[in-house]
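Presented below is the structure to which this report refers.
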DNA sequence: TCATTCATGTAACCTGTTACATGATTTG
DNA sequence: CAAATCATGTAACAGGTTACATGAATGA
């Protein structure tokens, strides 16, 4: 039941609408949790009913009206309570890993193509996270920001995201290279 | 629907019982997919009914009887078909990340403790993966094994697991250190 | 004018988790 | 003698995904 807490954590820094939240939790940009728009709208409704967030209507004439949400005192308390609970161990579930596990029994060309594709995705994310980090620390050095910056939570999760994607990139490239070499060795000429 | 393919991939190297599979997919040892015993028994039943795996009863007098499963030709074909499908992008869902995201609003001591705990888990896994890798390559060097070894699929996924946990370890330690420093700076004396 | 973005949902479905059940054997 | 390991499941529930719906405004 961590989705609600992820939503609360996302609303700490800024007031957001369901739509904006959905963009933050999107696969392409989520650096600490992922969720679909449907889940978020449903969760926001529940959170509001329970008084953990408060919504206010913003009338727009050029755009459809929207509701912006803020974390309430009760919401903050709930988040703090959650922070003290035990973590469920995190697990691996990735299609690509399954395919690589079966590398010796499936079409290698296809695998190499998918590793290359994943590498490209990782590269794009690395640039995205890199830019986000630069934006957060502004003109300060990383060390300076980590010591004295306000709001370092998002910075830290973003650092993990960056390192994770760097790891993906390295592994995908290396694995693809190894598979290419073996293919060449097994079917020479 | 990748659980079935993960099961097929796990059965490629050796004939296993549901119980043995469950141990391989356990949180502590799963290097390419995680699942609970209940899921695995159910999935094995489905896979057998569909003819993708074949089970054979092994009678034991000292232990309860068990059923060992092998991948059939149809199963291999299904795995190969799966390997050619598009990957769903992998996403992040980790309680600890949510807590770190909220670092500036929750109890810092608690967070540091949890980061330290996670670091210890990562260390244990690093040793586990390291040992597994050594065992797989035997007396060969890594380069030699990657070039000419049979079954490199499991080796590659294990390498990713190792690097992932190393990344976790580094990040947990660094984040904890940063939070400790800031705590000291904000509440001196 | 057609696709994309803004903005918010409902409903059906599939997957994964939690709780529970059973029973024999080895290890401490 | 109690706990852990071997061995296999069922049932209820929570969480996440897919499909679908609506409607206005902007950009190509």
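Coordinate-derived values only; no laboratory data. Everything quoted here is computed from the prediction, not taken from an experiment. Ideal geometry is used to build each Cβ from the backbone, glycine not excepted, and the neighbour counts take in all protein chains shown.
Structure values in brief
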read-out	value
Rh (Kirkwood; distinct C-alpha pairs) - the stretch A:1-146, Å	18.4 Å
Computed [θ] at 222 nm, helices only, for chain B once each DSSP H run of length n ≥ 4 contributes -39500 (n - 2.57)	-20000 deg cm²/dmol
Averaged over B:78-89, number of beta-carbon atoms from partner chains that fall within 10 Å	6
Rounded tilt (10° steps) of A:37-49 against the dominant C-alpha axis of chain A	30 degrees
Footprinting exposure proxy for B:78, A:181 (fewest neighbouring C-beta atoms within 10 Å first)	A:181, B:78
Packing-based exposure ordering (other Cβ within 10 Å, fewest first) of B:134, B:63	B:63, B:134
Nearest-ten-degree value, helix A:153-186 long axis tilted from longest Cα axis of chain A	20 degrees
Rg to Rh quotient for the stretch B:25-102, alpha carbon positions, Kirkwood Rh	1.11
Pseudo-label separations to other copies for residue B:185 - Cα-to-Cβ vector, 7 Å, nm	5.1
Per-residue Cβ neighbour rank within 10 angstrom, fewest leading, A:133, B:36	B:36, A:133
Beta carbon of chain B nearest to the axis of the rotation taking B to A, residue and angstrom distance	B:167, 3
Debye equation applied to the C-alpha atoms of the stretch A:1-61, log10 I(q)/I(0) at 0.16, 0.17, 0.27 Å⁻¹	-0.47, -0.53, -1.28
Among A:10-21, B:136-147, the order from most to least packed when residues are scored by Cβ within 10 Å on average	A:10-21, B:136-147
Hull-based mean projected area of the protein assembly as shown, where the convex hull spans the alpha carbons, in square nanometres	25.3 nm²
Between helix B:73-83 and chain B: long-axis angle, C-alpha atoms, 0 to 90°, nearest 10	30 degrees
Label point 7 Å beyond Cα of residue B:81 along Cβ direction - residues of the stretch B:2-18 with amide nitrogen under 17 Å	B:2-9
Inter-copy spacing of residue A:56 label points, which lie 7 Å from Cα along Cα→Cβ, given in nm from shortest upward	7.3
7 Å along Cα→Cβ, label-point gaps from residue B:170 to other copies, nm, shortest first	0.5
Cα-based Rg and Dmax for the stretch A:95-186, where Dmax is the largest Cα-Cα distance (Å)	17.7, 56
